[in-house]
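Asker: Encoded as structure tokens, here's the structure I'll be asking about.
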Number of protein chains: 2
Amino acid sequence: MPRHSPSLDRATQDRIAETALHLVDEGGPEALTFRALATRLEISLASLQRRCTDLAGLLDLCIDHLAARLPEIEPDTDWATATETRFTALYRLLAAHPGLLALRGTRPWLGPHLLARLVEPQLADSLAAGMTPEEAITAYRRMYLLTLGGAGFVDHRDPKSAQSATRTALAALDPEEFPALTGNLAAIVPAVTDHEVYYGALRQLIRAADPRATDPTAAATGSAGPDPRRES
Amino acid sequence: MPRHSPSLDRATQDRIAETALHLVDEGGPEALTFRALATRLEISLASLQRRCTDLAGLLDLCIDHLAARLPEIEPDTDWATATETRFTALYRLLAAHPGLLALRGTRPWLGPHLLARLVEPQLADSLAAGMTPEEAITAYRRMYLLTLGGAGFVDHRDPKSAQSATRTALAALDPEEFPALTGNLAAIVPAVTDHEVYYGALRQLIRAADPRATDPTAAATGSAGPDPRRES
């Protein structure tokens, strides 16, 4: 194939991923079809399908395109800070594209950038900090699923509308049957789209897993304490 | 309309919800269309649309049908136990229908059973235990988003296949570039579908939020029971 075909130039992996993300962001998960994407890219359907054979391949391309923007952490960063930096960066990338998470569903994401920027260094840091492999992967998965939940199930792109729907539904409830909900609307409504819900939960999971928080005082903030099985 | 029309009998809210859940469970989120659902229910499309005007209405019906099965907690149950009981029950209900969560996306769920069985009693218990309204709703939202993440982004219905995809992808990595991932497959692969990832994270969030765990020692071990880490 000629190297400078305009069609090929339009169909780089980055451009396919960017355009697919635009479609999802504009029209929701159902807007991402191969036909719509090929049209937007101004390439043929066959040409697009040569690059991503199926929806799973296309989604992998999109998430790994985002994962390429995850930060690289300085080697001497302490475990808790490195962990918080990685996951909050992932959260911010995904919260901008919740439709992508709806399409992902239960399919594992195993793209090269996600593995190289997030999973491998996080596990390596956790092992170096003294966790067993089981502890390291369990802590990773806990923070990962919290991050996907916080990014995928809240409409951070239209917080006013999410808050308004909640306020309307709760204000219509019977105050005798629902005293806690109807009596605290001013606290409840903003929490529906508050990023601190996620950030605080992440910090709680980090403190609970922190292998260096082994003394009782440090453990008081959430660590499960020293583990007799750990070899150090 | 006649009270004993077979068509109406087939189209109770419970039957619509059960049948919609079957469609999603069998064929994934994209299998839930009004046409497919009407056909399966053996009613007309118009008849179905009279009962749920749009997909949002249909999804509300499904989740609230599930939420009706959430447990009612005895009044004198301690805060941590009541909290863990409610959220683990929600997790089990949702983990059986991950496609429902993909369809939900960022749409708030505000059905009567979910509010009456989960949100209202959880907030009321938290306020009674001494939390401020802001603390109560924040703790609730943290556990709620973790629960949706744990149930919606893991294929618990086909764990072998999820583990196999992970094992294949990780085994193909370069051990020099990915030593933590390639060197610990035996620990990593089972964690991909381990329910303890969720249960332990929930207990960590419960301990971190527990208003009664005010002294360091109590907070370290928490009132949620023994150390969440389990021999595996």
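Readers should treat all values here as calculations from the given coordinates under stated rules, not as data from a laboratory. In this text, all values refer to a predicted model and were calculated from it rather than measured experimentally. Note that each Cβ is placed from the backbone with ideal geometry, even for glycine, and that neighbours are counted across all protein chains shown.
Asker: Just how large is the dipole of the range A:1-139 about the Cα centre, in debye to the nearest 20, putting +1 at every Lys and Arg Cβ and -1 at every Asp and Glu Cβ? Intermediate results must be reported in sequence, preceding the final value.
Answerer: Values: 13 positive and 19 negative charges, 166 e Å.
Approximately 800 debye in magnitude.
Asker: Can you give the direction-averaged projected area of the convex hull of the alpha-carbon atoms in the range A:64-144, in nm²? Show your work: numbers first, answer last.
Answerer: On the way: hull surface 20.9 nm².
The orientation-averaged projected area of the Cα hull of the range A:64-144 comes to 5.2 nm².
Asker: So how far apart, in nm, are the two label points at B:H22 and A:A128 if each is 7 Å from Cα heading toward Cβ?
Answerer: That separation, rounded to one decimal, is 5.5 nm.
Asker: Moving on. Counting other C-beta atoms within 10 Å, which of B:L45, B:L93, A:L148, A:L205 has the fewest, and how do the rest follow? Mind dumping the intermediate values first?
Answerer: Numbers: B:L45 13, B:L93 19, A:L148 24, A:L205 27.
With the sparsest Cβ surroundings first, the list reads B:L45, B:L93, A:L148, A:L205.
Asker: Report, in deg cm²/dmol and to the nearest 500, the calculated mean residue ellipticity at 222 nm for the protein assembly as shown, where each DSSP H run with n ≥ 4 adds -39500 (n - 2.57) and the sum is divided by the residue count. Present the calculation step by step, with values, prior to reporting the outcome.
Answerer: Values: 28 runs with 290 residues, N = 464.
So the calculated ellipticity at 222 nm is -18500 deg cm²/dmol.
Asker: Post the alpha-carbon centroid distance, the range B:114-184 to the range B:29-80, in whole angstrom.
Answerer: Cα centres, the range B:114-184 to the range B:29-80: 23 Å.
Asker: Now for a separate question. Ranking B:L173, A:L66, B:L90 by Cβ neighbours within 10 Å, fewest first, what do you get? Let's see the in-between values first.
Answerer: On the way: B:L173 17, A:L66 20, B:L90 23.
Neighbour counts put them in this order, fewest first: B:L173, A:L66, B:L90.
Asker: Partner chain Cβ atoms within 10 Å, averaged over the residues of B:196-205 - can you pull that number for me?
Answerer: Working: counts 4, 9, 4, 0, 8, 12, 1, 2, 12, 8.
Shielding by partners across B:196-205 averages 6.
Asker: Taking Rh as the Kirkwood radius computed over C-alpha pairs, what is the Stokes-Einstein D of the protein assembly as shown at 4 °C in a medium of viscosity 1.567 mPa s, expressed in µm² per second?
Answerer: Values: Rh = 23.5 Å.
In µm²/s, the coefficient rounds to 55.
Asker: Moving to a separate point now. What are the nm distances, shortest first, from A:R107 to its equivalents in the other copies, labels at 7 Å along Cα→Cβ?
Answerer: Taking the point 7 Å beyond Cα along Cα→Cβ, the inter-copy spacings are 2.2 nm.
Asker: Using only the Cα atoms of the range A:6-53, what semi-axes does the equivalent ellipsoid have when each is the square root of 5 times a gyration tensor eigenvalue? Give whole Å, largest first. If you can, show how the numbers build up before the last one.
Answerer: Numbers: eigenvalues 59, 23, 15 Å².
Ellipsoid semi-axes (Å, largest first): 17, 11, 9.
Asker: Past the 22 angstrom mark, what percentage of all C-alpha to C-alpha distances in the range B:1-111 do you count? If you can, show how the numbers build up before the last one.
Answerer: Values: 2345 of 6105 pairs.
Percentage above 22 Å: 38.
Asker: Moving on. What is chain A's relative contact order, in percent, from Cα pairs under 8 angstrom and six or more apart in sequence? Before the final figure, lay out each step's value.
Answerer: On the way: 226 pairs, mean separation 40.8, N = 232.
Reported as a whole number, the value is 18 percent.
Asker: Using the basic label-point model (7 angstrom from Cα toward the beta carbon), what is the B:D78 to B:A172 distance in nanometres?
Answerer: In this crude spin-label approximation the distance works out to 5.0 nm.
Asker: Using a Förster distance of 51 angstrom, determine the FRET efficiency expected from the C-beta separation of B:D54 and A:H113, and round it to 0.05.
Answerer: Numbers: r = 38 Å, r/R0 = 0.74.
Calculated transfer efficiency: 0.85.
Asker: Can you give the longest stretch of chain A with no exposed loop site, where a site means trypsin sites (Lys or Arg not before Pro) in a DSSP loop (not H, G, I, E or B) with at most 15 other C-beta atoms within 10 Å? Please list the in-between numbers first.
Answerer: Numbers: sites that count: A:R3, A:R69, A:R157, A:R212, A:R229, A:R230.
The longest such stretch corresponds to A:70-156.
Asker: Mean 1/r over all different Cα pairs, inverted: what Kirkwood radius does chain A give, in Å?
Answerer: Values: mean 1/r = 0.0493 Å⁻¹.
That comes to 20.3 Å for chain A.
Asker: Using the count of nearby Cβ atoms within 10 Å as a rough guide to exposure, how do B:D158, B:D125 rank from fewest to most? Show your work: numbers first, answer last.
Answerer: On the way: B:D158 11, B:D125 22.
The most exposed by this proxy come first: B:D158, B:D125.
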